[in-house]
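Student: A single structure is presented below for examination.
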Amino acid sequence: MNSSTPERNKVLVLEDFDTRFNKRDYAAAEHFWSDRYIQRSAHIASGREGLFALIRTLPDTLRYENQLIMAEHDYVIAHGRFPGNERPAAWIAVEIVRFEDGKLVEHWDVLQDEVTRPESASGLPMFGDRFPA
């Protein structure tokens, strides 16, 4: 029986992101991901091994900050920011994950460089209520 709920799935996604990106505890993070994991991101190799191989190459200064998280059925969508990527701009990300049997089993993402006030056609920040310093 699947004990997964949208609220529980949101908690698991945030725990996983904190464990992988902020704590860098890859061994602990593995228990969040199914061994049948399907990767649908263009910049990440297939499978759980591809996901963790990419993360290990990212700078130790990279962190994840969450702005918004929503869930419906077995899907979670998180809107977040990745500062500390050793690039001129932080990444703004929309992460979509699907759960199966209480594990993250499928992943999609959309990444974009965070813009400054002069770069924003709308005059609004991409993350939070302030532009990056």
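Where a number appears in this text, it was derived from the coordinates with a stated rule and is not lab data. Remember, it's a predicted structure, so these values are computed and weren't measured experimentally. Don't worry about glycine lacking a Cβ; one is built from the backbone with ideal geometry, like all the others, and counts go over all protein chains shown.
Student: Do the sum for the chain: with -39,500 (n - 2.57) for every DSSP H run of n ≥ 4, divided by all residues, what is the mean residue ellipticity at 222 nm, to the nearest 500 deg cm²/dmol?
Tutor: Values: 3 runs with 27 residues, N = 133.
Rounded to the nearest 500, the figure is -5500 deg cm²/dmol.
Student: Right, next: Could you give the size of the charge dipole of the stretch 6-116 about its Cα centre, using +1 on the Cβ of each K and R and -1 on the Cβ of each D and E, expressed in debye and rounded to the nearest 20?
Tutor: On the way: 14 positive and 20 negative charges, 35 e Å.
Magnitude of the dipole: close to 160 debye.
Student: In degrees between 0 and 90, to the nearest 10, how far off the longest principal axis of the chain does helix 6-17 point, with axes built from Cα atoms?
Tutor: Rounded to the nearest ten degrees, it is 70.
Student: Right, next: Compute the signed sum of charges (Lys and Arg +1, Asp and Glu -1) over the other residues within less than 14 Å, Cβ to Cβ, of V11. Kindly include the intermediate steps, with their values, before the conclusion.
Tutor: Details: positive: R8, K10, K103; negative: E7, E15, D16, D18.
Once all neighbours under 14 Å are counted, the net charge is -1.
Student: Moving on to the next point. Of P83, P59, P118, which has the largest mean-square fluctuation in a 10 Å C-alpha GNM of the chain?
Tutor: Comparing P83, P59, P118 in a Gaussian network model of the chain, the most mobile one is P118.
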